[in-house]
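The values are calculated or read from the model by the stated rules, or taken from the named source; none is laboratory data. Since the model is a prediction, treat every value here as computed from it, not as a measurement. Here the Cβ positions follow ideal geometry from the backbone for every residue, glycine too, while neighbour counts run over all protein chains shown.
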Amino acid sequence: MAEKMLVTQALDERDLLVKKIGDKIAKASFTDVKKHNETKVMDNRTEEETFRKEAESAYQQITDLIQRFRKLDAAIVASNANTLIHTSFGDYTVAGAIALRSRMRGTGSYDDSADFEQLLYDKMKCEVNNRILTLEAKNKQLEATAENMRLSILGKDSKTKDDKPLAVVGAYVSENTAELVDPLDVRRKLDEIKERREKLLSELDTQIKVSNATTFVEI
């Protein structure tokens, strides 16, 4: 008869089995050495017959637990592949949601190299900050040059009332002022990417938990 349980219960038991199986394998002994003229094995210091029974029992327990783990794992995988969750960004199978969440957190098969949203965010943020620094440096240098030009013009004839020479400086500054070329409005895009990323991850976390707590599997 099939055993029915929630996915959360199956996940908890599967995690416990990983530790339990590992511990049993570590503690088990399947072979030993015995002299012909002795009845006890050397390392375990138990009677040969007792050792044989213990080895067979340990092996059976371990294989039974492994089989249990396989059934739980298969049931969880099947459930994740067929159960849908809903987010404001669309519907996903639980398996797809888990894979997406892992990718976006850099914990999947590709580590951080597949976290495309974060890579895009970092690239855009770094570039726009560097461009602004360049722009500010260029304009600061331009203003220094313009100031020298003004002093040079005024120094030639400090009594002149004609503003035309200074107008040339103004035109020079206007023509050479650096400006940011930003067709995407990058800083607004950065806010959008960050908000979307945080919202999606939050929804994935919540919906996966809700699904696991309400979906039953059969073992």
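The figures follow:
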| item | result |
| --- | --- |
| Cross-chain or 6+ apart pairs with Cβ under 6 Å, region 137-148 first and surrounded by 12 or more Cβ atoms within 10 Å (Cβ to Cβ), then part of a helix (DSSP H, G or I) | LEU142/ASN176; ALA146/VAL169; ALA146/VAL173 |
| Hits in region 209-219 - residues which are under 17 Å from ASP73 (Cα atoms) and part of a helix (DSSP H, G or I) | SER211, ASN212, ALA213 |
| Subset of region 85-134 [in a helix (DSSP H, G or I) and either among the hydroxyl-bearing types (Ser, Thr, Tyr) or in contact with a His (Cβ under 7 Å, 6 or more places away or on another chain) (or both)] | SER102, SER113, TYR121, THR134 |
| Residue count for region 10-48, restricted to those that are assigned to a helix (DSSP H, G or I), out of contact with any helix residue (DSSP H, G or I) (no Cβ under 9 Å at 6 or more places or on another chain) and modelled with pLDDT of 95 or more | 7 |
| Per-region count, region 149-167, residues surrounded by fewer than 13 Cβ atoms within 10 Å (Cβ to Cβ) and either modelled with pLDDT of 80 or more or not charged (D, E, K, R) (or both) | 6 |
| Which listed residue is loosely packed, with under 12 Cβ neighbours inside 10 Å and more than 32 Å from the chain's Cα centre (by Cα), from THR63, THR50, THR46 | THR63 |
| Some residue of region 125-135 being more than 22 Å from ASP191 (Cβ to Cβ), modelled with pLDDT of 95 or more and in the same structural domain as ASN176 (by TED's automatic domain parsing) | yes |
